[in-house]
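What follows draws every value from the coordinates through simple rules; no lab data is involved. What you are looking at is a predicted structure, and each value in this text was computed from that prediction instead of being measured. Neighbour counts are summed over all protein chains in view; Cβ atoms, including those assigned to glycine, are modelled from backbone coordinates with ideal geometry.
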Amino acid sequence: MDRGWREHLVAESDGTMRIRAHGAMKADARMITDAAHMKRHADDRGPEQLVNTAAMPGIVGEAWAMADWHYGYGFPIGGVVATDTEHGEQGGAISPGGVGFDINCGVRFLALDATVDDVPNLKKLAGRLAGRIPAGGSGKGGVDISSQNLQDILQRGAHAAVDLGHGLHEDLASLESKGLMETTEASISQRALERGLRSLGTLGSGNHFLELQTVGQVVDEPTAAAWGLYEDQIVAMIHSGSRGLGHQVCTDHVRQLEASYKLQGGMWHNDTWDYHLPDRQLAAAPVHSKQGQAYLDAMNAAANFAFANRAVLADRLRTVLRLEMGVDGEARTLYDVAHNIAKMETHVVHGKSCSCCVHRKGATRAFGGDHPDVAAQFSATGQPVIVPGDMGNGSWIMAGSTKGSNQAFGSSCHGAGRALSRSQAKKLLDGKALKRELESRGVRVHASTPNVLSEEAPDAYKDVDEVIRLTANAGLARPVARMNPLAVIKG
């Protein structure tokens with residue numbers, strides 16, 4: 001780890017702080033932060049990891065940390081790094097550590113044309129959601145699919161799920177990449193396939209959740225109106241990813257790549273590509289190499305599974321809402337974003353157009369309304385950016401610019417970001433007391449795992465309002481509306 005990065009830290013006038021390139025860094029690093037935020041999170045190892053990511057072969061622009069940055073595997077959570085796909089003979093690096101183990105973990109946001117007054121019995125509704133939404137680490141409760149169904153999902157993502165009767169065709173235009181990543185072979189290990197067969201339509205554990213919320217405050221009326229959002233409205237967020245299938249895909253490729261690196265003079269070296277990296281967890285391959293293409297193809301297949309998984313979860317949510325609320329329970333998908341993904345994109349870097357492999361790990365796209373990948377219904381507002389906070393304080397929805405791209409490769413934060421590790425939170429926070437306190441405030445909480453309430457307690461997270469303020473100050477996205485928790489289903 002580079003522990004001398006603070007000597008190279010300078011404040012910029014654009015809502016960021018810069019770590020000037022030094023040591024093995026091939027580019028500067030930028031953090032969405034200010035002095036007060038840095039001081040509050042001074043012991044975080046995330047900035048040290050960010051410095052290491054700036055050594056990625058073929059990096060262009062700067063290595064970025066969103067305002068919700070914290071320590072992760074290889075890359076910090078909240079890390080954004082782009083590499084030039086035309087760098088060298090086989091293109092710049094692609095790193096599984098720059099995506100993470102939960103490939104295409106993301107959030108679907110649904111809106112009802114109803115308020116809390118339209119809910120006949122919140123306690124009953126929350127209880128039925130907890131019964132119908134399988135949560136926890138086991139993967140039990142997934143929908144029955146055949147091996148052929150799974151292969152179709154790996155190739156066609158949310159489209160395959162809809163064709164199987166899970167979701168609506170009109171949802172697809174409102175999903176990032178239309179819920180479909182291009183894959184040629186979708187070649188993943190037998191173990192990954194086995195894990196995927198039983199977990200479609202399951203929430204998972206840890207920070208995954210399904211949450212009913214109310215729109216508490218609208219701060220951008222025109223954008224909220226364009227999206228059909230209004231104060232006191234009931235909305236829902238579903239936060240889940242590719243489950244055990246994606247974790248296995250990442251594990252398989254991380255093991256293979258890390259085994260090809262050997263420690264040499266304090267750096268990890270790969271002879272085949274002459275790559276030198278400061279941390280073995282950054283293990284990477286050129287994007288056009290055999291290994292790079294194999295990972296990219298498998299990652300896209302796992303991403304398709306995640307899109308399908310959120311489609312099934314949304315379908316299960318809709319079923320419960322209709323049963324409990326009748327016509328008032330009709331829910332439409334506003335947007336679905338990925339926040340653990342690597343994507344091939346074109347960006348202008350230092351005045352030149354660049355074909356980039358953009359790693360976003362715990363970061364989401366925040367594209368402008370004129371970007372060709374943004375659906376037509378968001379052309380006047382910019383892309384929705386979904387930012388879960390914590391189950392005690394609330395969440396936000398933001399928007400990308402109306403035109404053009406922001407300075408961080410069109411990226412934004414993906415949540416509040418952890419302030420305490422899971423082990424710290426379990427030692428310091430009382431999950432049972434938290435549940436009593438939340439329910440005294442009218443927030444229904446159902447958790448499948450005893451420790452999860454301690455691990456996911458509000459005090460384990462950064463202040464989401466501060467993260468939103470820092471993100472807006474840096475011009476990455478603008479706040480639209482703040483949501484308050486109503487019913488929480490956790491793994």
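Here are the numbers for the structure shown:
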{"quantity": "Subset of segment 338-366 that is outside any strand (DSSP E or B) and crowded, with 24+ Cβ neighbours inside 10 Å - its residue that is farthest from the chain's Cα centre (by Cα)", "calculated": "ALA366"}
{"quantity": "Odd one out for ARG310, checked against (1) of a type outside the set (Val, Ile, Thr); (2) in contact (Cβ under 8 Å) with a residue 24 or more places away in the chain; (3) over 30 Å from ASP113 (Cβ atoms); (4) touching a helix residue (DSSP H, G or I) at 6+ places or on another chain (Cβ under 9 Å)", "calculated": "(3)"}
{"quantity": "Filtered residue count, segment 177-223, keeping only those that are assigned to a strand (DSSP E or B), surrounded by 21 or more Cβ atoms within 10 Å (Cβ to Cβ) and not β-branched (Val, Ile, Thr)", "calculated": "5"}
{"quantity": "Scope segment 230-244; condition assigned to a strand (DSSP E or B) and closer than 17 Å to GLY157 by Cβ; matching residues", "calculated": "ILE238, SER240"}
{"quantity": "Segment 268-284: number of residues that are in contact with a Leu (Cβ under 6 Å, 6 or more places away or on another chain) and assigned to a strand (DSSP E or B)", "calculated": "1"}
{"quantity": "Selection count, segment 195-220, where residues are closer than 21 Å to LYS462 by Cβ and of a type in the set (A, V, I, L, M, F, W, C)", "calculated": "2"}
{"quantity": "Filtered residues of segment 122-176 (kept if outside any loop (DSSP other than H, G, I, E, B) and basic (Lys, Arg))", "calculated": "LYS123, LYS124, ARG128, ARG132, ARG156"}
{"quantity": "Options PRO479, PRO458; residue that is surrounded by fewer than 21 Cβ atoms within 10 Å (Cβ to Cβ) and either of a type outside the set (Val, Ile, Thr) or in contact with a helix residue (DSSP H, G or I) (Cβ under 9 Å, 6 or more places away or on another chain) (or both)", "calculated": "PRO458"}
{"quantity": "Residue, surrounded by the most Cβ atoms within 10 Å (Cβ to Cβ), within segment 1-33, restricted to residues that are part of a loop (DSSP other than H, G, I, E, B) and of a type in the set (A, V, I, L, M, F, W, C)", "calculated": "MET25"}
{"quantity": "Output for segment 217-256, where each listed residue is more than 23 Å from the chain's Cα centre (by Cα) and within 17 Å of ALA399 (Cα to Cα)", "calculated": "GLN217, VAL218, VAL219, ASP220, GLU221, PRO222, ALA225, ALA226, GLY228, TYR230"}
